[in-house]
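Each remark here refers to the structure printed beneath this line.
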């Protein structure tokens, strides 16, 4: 019964390393999104729907039932997978991302979604500029440098395509949340600068999931507060 972890943007599986080190269980798998420090599969267009299909395909390869965990875009993909294929999972835990029609994308996301502007922003994102920014937001140095080192032309293009495919993801995907049957846990940092934690509370209430607010924590709770996150996950899994 493995726990499968899905990272977000602009991260790699390394973002889960601090939390995985705190977990007692070792049956863990940290997936890498196509194009994030690795090539895109032939013919793969990195849109939100194709990433969701990819995740479901990866889960189908794993002997389950699975405890799925996602952060940021990994959380959005987690919500989608558990909405479309609830029988693949024993449970899900996710956060750091909203899925609601009223959510307005943060400024950086809106820049990425704008043709021309997004490309100019990406020119400024280099390992030398990106790592310090992630460290300033709570990521450990080694985790930040790992993600920053992966920010090549492939990853930049994948992020732009993904965000441009997702301008109205809240309206498109939120209606299927009612299909979720697996027990869930929604995790947010109380100081997340990209999404107010009230969106997490509402999502949890709408789908009958538990809600955990990590105090004095920004967006990257799995890297900034790994002991608290691991404890929340293990308490959740123990209750199933």
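The values are calculated or read from the model by the stated rules, or taken from the named source; none is laboratory data. Not measured: the values here are computed from a predicted model. Glycine gets a Cβ as well: all are built from the backbone with ideal geometry, and neighbour counts include every protein chain shown.
Could you tell me whether any residue of segment 212-223 is under 24 Å from residue 65 (Cα atoms) and assigned to a strand (DSSP E or B)? Scanning segment 212-223, I find at least one residue that is under 24 Å from residue 65 (Cα atoms) and assigned to a strand (DSSP E or B), so the answer is yes.
Number of residues in segment 15-33 that are in a loop (DSSP other than H, G, I, E, B), out of contact with any helix residue (DSSP H, G or I) (no Cβ under 6 Å at 6 or more places or on another chain) and surrounded by fewer than 19 Cβ atoms within 10 Å (Cβ to Cβ): the value is 4.
Here is a list: 81, 52, 42. Which entry is surrounded by 20 or more Cβ atoms within 10 Å (Cβ to Cβ), out of contact with any strand residue (DSSP E or B) (no Cβ under 8 Å at 6 or more places or on another chain) and either part of a strand (DSSP E or B) or free of Cβ contacts under 8 Å to residues at least 60 places away in the same chain (or both)? Answer to the check: 52. Only residues that are within 25 Å of residue 135 (Cβ to Cβ), part of a helix (DSSP H, G or I) and touching a strand residue (DSSP E or B) at 6+ places or on another chain (Cβ under 7 Å) were counted in segment 225-240, giving 4. Within segment 195-210, restricting attention to residues that are crowded, with 17+ Cβ neighbours inside 10 Å and assigned to a loop (DSSP other than H, G, I, E, B), the residue that is modelled with the highest pLDDT is 209.
Cβ-Cβ distances below 6 Å connect the following pairs, each with a first residue in segment 150-170 that is closer than 14 Å to residue 77 by Cβ, a second residue that is part of a helix (DSSP H, G or I) and modelled with pLDDT of 95 or more, and a separation of six or more residues or different chains: 163/109; 163/112; 165/48; 166/48; 169/48. If you go through segment 211-223 and keep only what is out of contact with any strand residue (DSSP E or B) (no Cβ under 7 Å at 6 or more places or on another chain) and either closer than 11 Å to residue 96 by Cβ or surrounded by 20 or more Cβ atoms within 10 Å (Cβ to Cβ) (or both), you end up with 220, 223. Applying the criterion of being in a strand (DSSP E or B) and within 15 Å of the chain's Cα centre (by Cα) to the residues of segment 55-78, the residue that is nearest to residue 163 (Cα to Cα) is 71. For segment 88-107, give me each residue that is outside any loop (DSSP other than H, G, I, E, B) and either touching a residue at least 24 places away in the same chain (Cβ under 8 Å) or surrounded by 15 or more Cβ atoms within 10 Å (Cβ to Cβ) (or both). Correct list: 88, 89, 90, 91, 92, 93, 94, 95. Output yes when any residue across segment 171-183 is within 29 Å of residue 67 (Cβ to Cβ), in contact with a strand residue (DSSP E or B) (Cβ under 6 Å, 6 or more places away or on another chain) and in contact (Cβ under 8 Å) with a residue 40 or more places away in the chain, and no when none is. Yes, there is a match, as at least one residue in segment 171-183 is within 29 Å of residue 67 (Cβ to Cβ), in contact with a strand residue (DSSP E or B) (Cβ under 6 Å, 6 or more places away or on another chain) and in contact (Cβ under 8 Å) with a residue 40 or more places away in the chain.
When we screen 3, 14, 30 for residues that are at pLDDT 95 or above and closer than 14 Å to residue 89 by Cβ, the only hit is 3.
Counting the residues of segment 110-143 that are assigned to a helix (DSSP H, G or I), buried (at least 19 other Cβ atoms within 10 Å of the Cβ) and touching a residue at least 40 places away in the same chain (Cβ under 8 Å) gives 5.
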